[in-house]
Amino acid sequence: MRVGGMMATFADLPDSVLLEIFSYLPVRDRIRISRVCHRWKRLVDDRWLWRHVDLTLYTMRPKVMWHLLRRYMASRLHSLRMGGYLFSGSQAPQLSPALMRALGQKCPNLKRLCLHVANLSMVPITSLPSTLRTLELHSCEISMAWLLKEQDPTVLPLLECIVLDRVPAFRDEHLQGLTRFRALRSLVLGGTYRVTETGLDMGLQELSYLQRLEVLGCTLSADSTLLAISRHLRDVRKIRLTVRGLSAPGLAVLEGMPALESLCLLGPLITPEMPTPAEILSSCLTMPKLRVLELQGLGWEGQEAEKILCKGLPHCMVIVRACPKESMDWWM
């Protein structure tokens with residue numbers, strides 16, 4: 001690197017630049033570079049560097065996890081991603097109730113917890129940090145009692161968003177049980193194949209205060225999902241769903257939705273019943289607050305369909321693009 005025509009070294013960089021560089025390093029490498037010099041040790045100990053921590057890269061021994069919790073994270077931590085090693089063999093460490101309780105006690109600023117491939121069947125939901133505003137479960141096993149309506153309604157009192165991505169145990173009664181989270185406003189269901197059309201309709205009836213709903217890669221048809229939304233979520237602001245089973249009449253049930261600001265439809269399962277660009281335009285023009293229309297994986301990018309929608313919705317941000325790679329596994 002050259003500064004003022006001269007070759008600069010790491011020692012010449014200001015603390016703010018080094019911190020930005022260090023933030024891209026995996027946790028294990030951050031700890032290693034703290035041994036380079038006193039300055040780097042001080043920077044690695046900076047509160048800013050430990051606000052967001054991703055531990056999904058490691059099969060971490062409990063002893064190491066406890067050390068990170070006490071030495072680096074504690075009150076600095078705002079969001080944490082962890083792997084539970086569900087498929088790593090019986091000798092792999094598992095997430096424990098004690099660790100979850102310690103996160104709540106030692107990390108008072110923890111607001112987002114993302115758990116990946118974790119066996120939580122022996123972890124009671126009451127052990128999760130009460131400060132959480134977002135809880136993401138990706139390919140996790142949970143206890144059948146976790147989300148039942150009869151459970152303690154004071155658990156996770158601040159929870160605003162829950163992501164349930166390929167959680168096999170999640171079913172209709174759990175959907176209705178989400179009403180126990182009084183602050184809940186955003187719900188993402190991904191690959192929750194045990195949720196039925198009837199269950200979704202009954203669940204949304206009790207979750208009428210939701211402002212964001214995403215239904216991705218489920219067995220539910222888009223038409224039935226939109227019908228349940230139009231019946232019960234009149235104040236919803238953001239809808240994101242796969243287009244499996246979507247028809248023009250199915251999309252038309254959203255016409256006149258008073259608060260809808262963002263609508264995202266994801267392919268690539270296009271059927272002959274799929275609404276044409278003109279039919280999508282017609283429905284969107286009836287939504288007074290719509291500002292974002294996103295179409296992913298429909299094969300319309302750069303085509304006449306994109307021109308029709310952009311021209312017909314000048315007040316909206318129209319996004320037409322291929323489906324990102326990380327989303328493709330919904331249909332595989």
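The values are calculated or read from the model by the stated rules, or taken from the named source; none is laboratory data. Predicted, not measured: the structure shown is a model, and the values here were computed from it. Virtual Cβ from ideal backbone geometry, glycine too; neighbours counted across all protein chains shown. Just so you know, the surface numbers come from the protein's heavy atoms only, side chains and all, with ligands and any DNA or RNA stripped out. Shrake-Rupley method; radii C 1.70, N 1.55, O 1.52, S 1.80 Å.
Dividing the summed helix terms, -39500 (n - 2.57) for each DSSP H run of n ≥ 4, by the number of residues in the chain produces a 222 nm estimate of -7000 deg cm²/dmol to the nearest 500.
Karplus-based coupling profile of the range 177-185, in residue order and whole Hz: x, 5, 5, 5, 8, 5, 8, 4, 10, with θ = phi - 60° in 6.51 cos²θ - 1.76 cosθ + 1.60 and x standing for Gly or Pro. Note on the range 174-244: semi-axes of the ellipsoid equivalent to its C-alpha gyration tensor, largest first and rounded to whole Å, are 17, 13, 11.
As I understand it, the dipole of the chain uses +1 on the Cβ of Lys and Arg and -1 on the Cβ of Asp and Glu, about the Cα centre. Which of 164, 308, 249 lies farthest toward its positive end? Final value for the positive-end residue is 164. Among beta bridges from DSSP that stay inside the chain, the antiparallel ones total about 5%.
Distances between placed amide hydrogens fall under 5 Å for residue 184 paired with no residue 5 or more residues away or on another chain. Overall, the chain carries a charge dipole of about 1800 debye about its Cα centre when +1 sits on the Cβ of Lys and Arg and -1 on the Cβ of Asp and Glu, all other atoms neutral. Our Cα-only numbers for the range 199-277 put the radius of gyration and Dmax at 11.7, 34 Å. Taking amide H as placed 1.01 Å from N in the peptide plane, residue 192 has its amide H under 5 Å from the amide H of 166, each at least 5 places away in sequence or on another chain. Its Kirkwood hydrodynamic radius, worked out from the mean inverse distance over all distinct Cα pairs, puts the chain at 22.2 Å.
Take the solvent-accessible surface of the protein heavy atoms, probe 1.4 Å, and return the percent of it on the range 52-289 that carbon and sulfur atoms account for. Mind showing how you got there, number by number?
Numbers: 5180 of 9800 Å².
With neighbouring chains kept in place, the figure for the range 52-289 is 53 percent.
For the range 217-222, putting each phi into the Karplus relation 6.51 cos²θ - 1.76 cosθ + 1.60 with θ = phi - 60° gives couplings of x, 8, 7, 6, 7, 5 Hz, in residue order, rounded to whole numbers and with x for Gly and Pro.
What would the Debye equation give as log₁₀ I(q)/I(0) for the range 223-332 at q = 0.09, 0.11, 0.13, 0.20 Å⁻¹, counting only Cα atoms as equal point scatterers? At q = 0.09, 0.11, 0.13, 0.20 Å⁻¹ the computed log10 ratios are -0.20, -0.31, -0.43, -1.09.
Give, in whole angstrom and from largest to smallest, the semi-axes √(5λ) of the equivalent ellipsoid of the range 261-316, with λ running over the eigenvalues of the Cα gyration tensor. Working shown, then result.
Values: eigenvalues 64, 29, 24 Å².
One finds semi-axes of 18, 12, 11 Å for the range 261-316.
What the chain shows is 48 Å² of accessible area per residue, with the surface traced by a 1.4 Å probe over protein heavy atoms.
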